[in-house]
Amino acid sequence: LGRRGRVSHARCVRAARSTMGHPTLAALLSALPLACGGDAGPGADVTVRDSAGIRIVSNGPIRPDQRVWTVEQTPVLQIGTLDGEPEYQFFRVSGAHRFDDGRIVVANGGSHELRFYGANGEHYRSVGGEGDGPGEFQALGLLRALAGDSLLTFDQRQRRISVFDSTGAFVRSFAPRGVEFYRLLDAFVDGRILIQEFDLVGPDEIAEGSERRSVTYRVADREGAPTATMGPYSGQEMQITPRSDMIFVNAVPFGRAAFASAVGERVVAGTNDAYALDVYGHDGALEGIIRLTHELAPVRPGQFELLRDEALDRVGSGQGRQFETESWDAMPRHETFPAFRSFTSDTQGNLWVRDYLSPDDERSVWAVFDPEGTALGKVETPLGLRIFEIGEGYILGVMRDELDVEWLQLYALNKPAPLETQSSNPH
């Protein structure tokens, strides 16, 4: 036990592992709450138990003052411009990566380019461009870093995965085998990929009303051969409104959805109906479940109407607005928000789960879990920042200003002060 009468995180993990071969000790330990936490101080109570070979980690509520890291309010580096050289004008940025030497590469979808910048933010090279040839793009999407500083990209229109070296030189292209329609979700550092498979829906299969189609996730090796399948899961709630020669498809406000991400060497998948995430191994076998005690927040009066009015304003007037209004009027109304918004991982293998953001929320908060599934605490990130990479000591993303100008921003990610310091200087 530590000074505060808590079990340290490292000792907690060792204790959980050591009991797996001893059923009596495992039963005793699983019945006791283990206080596991990070450097920020004592963590939430966590219970670890084994169920038919599946490791279930049940975390108690995260305390409001339980912070893992803090993010500086001002970026340490910002790249972009409103009027200036085109190499610094961003449009539809879909990914970014920071190399160990401080260089940054940005996937700029608007120009179909990979743009390279020095550690000081100075542009020095662009590769790619619009086209069908090797190393060219029609719709540049996901960007991920692989081992050896290689870069993996995804062309959403051509459904083609391309690999470049750290200088931007094209290496090769490939696609998953046995899958016609898919979306690339993530990539592992060893070059394996995680995809979401889907089927095209014909006109005869479209019915009016709300639906939630199932989704299946697959892992493929660096040549595109399938190696594991996970799911199916219940996908995003959608409202379908066929009218005349148009079909209006809207995501149900505060609707539930399914997510999956590559976290370390494993796949984490689940839906935000409840705060429970499945952890899969290389072969697609379920290895664990991560849970967090979490009370679903109620949807307050007027929040549904706020989203509806914003959607109708984008449509304008005329018949389209009438059909859009009918679609929104027929939508189911949830009384509570989903358990979380989305999740991702950092370069250290920690899982970051984003709190569900209500329409009038002024904060963006993430719960962080270590590679064993223990809740370490919360991290608050700049509101509006679309995060592409979380590394050791930094967060890299894109912020869009009031003029819709995109700015690449790098923020410092620092460990918080000890609890004693925080309590003596609350401001």
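Ratio of Rg to Rh for the range 214-355: 1.06 [Cα atoms; Kirkwood radius as inverse mean 1/r over pairs]. Distances longer than 24 Å among the Cα atoms of the range 121-278: what percent of all pairs is that? For the range 121-278, the share of Cα pairs beyond 24 Å comes to 45 percent. Computed about its Cα centre, the charge dipole of the chain is approximately 1560 debye, with only Lys, Arg, Asp and Glu carrying charge at their Cβ.
The alpha carbons of the range 86-210 stretch over 54, 32, 29 Å along the principal axes, in descending order.
The order of TYR275, TYR124 by accessible area, most exposed first and with a 1.4 Å probe, is TYR124, TYR275. Each Cα pair of the range 271-380 feeds into the Kirkwood radius, which the Stokes-Einstein equation turns, at 25 °C and 0.890 mPa s, into a diffusion coefficient of 148 µm²/s. Of the residues PHE369, PHE154, PHE304, the one that moves most in a GNM of the chain with alpha-carbon contacts below 10 Å is PHE304. The residues of the chain expose on average 49 square angstrom of accessible surface per residue, using a 1.4 Å probe on protein heavy atoms.
Could you work out what % of the accessible surface of the chain is carbon and sulfur, using a 1.4 angstrom probe and leaving DNA, RNA and ligands out of the count? Whole-percent figure for carbon plus sulfur exposure: 48. Dividing the Cα radius of gyration of the range 186-292 by 2.2 N^0.38 Å, with N the residue count, gives 1.24.
Placing unit charges on the Cβ atoms only, positive for Lys and Arg and negative for Asp and Glu, gives the range 40-155 a dipole magnitude near 600 debye about its Cα centre. Taking Cα centre as origin and charging only the Cβ of basic (Lys, Arg, +1) and acidic (Asp, Glu, -1) residues, the dipole magnitude of the range 312-427 rounds to 100 debye. The sum of -39500 (n - 2.57) across all DSSP H runs of n ≥ 4, divided by the residue count of the chain, sets its helix-only mean residue ellipticity at 222 nm to -3500 deg cm²/dmol. Within the chain, antiparallel bridges make up roughly 95 percent of the DSSP beta bridges whose residues both belong there. For the chain, the mean projected area of the C-alpha convex hull, equal to one quarter of the hull surface, is 23.8 nm². Taking a ≥ b ≥ c as the square roots of the eigenvalues of the Cα gyration tensor, the range 340-411 is oblate, since a/c reaches 1.5 or more and a/b is not larger than b/c.
Using Cα springs under 10 Å in a Gaussian network model of the chain, which residue among ARG243, ARG183, ARG212 shows the largest mean-square fluctuation? Looking only at ARG243, ARG183, ARG212, the largest GNM fluctuation is found for ARG243.
Taking GLY397, GLY384, GLY84 in turn, the Gaussian network model of the chain (Cα-Cα springs below 10 Å) assigns the largest fluctuation to GLY84. Once you divide the Cα radius of gyration of the range 42-159 by 2.2 N^0.38 Å, the number left is 1.51.
The values are calculated or read from the model by the stated rules, or taken from the named source; none is laboratory data. Just so you know, these numbers come straight off a predicted model, no measurement behind them. Here Cβ is always computed from backbone atoms with ideal geometry, including for glycine, and neighbour counts include all displayed protein chains. In case anyone asks, the SASA skips ligands and DNA or RNA and just uses the protein heavy atoms, side chains included. Shrake-Rupley method; radii C 1.70, N 1.55, O 1.52, S 1.80 Å.
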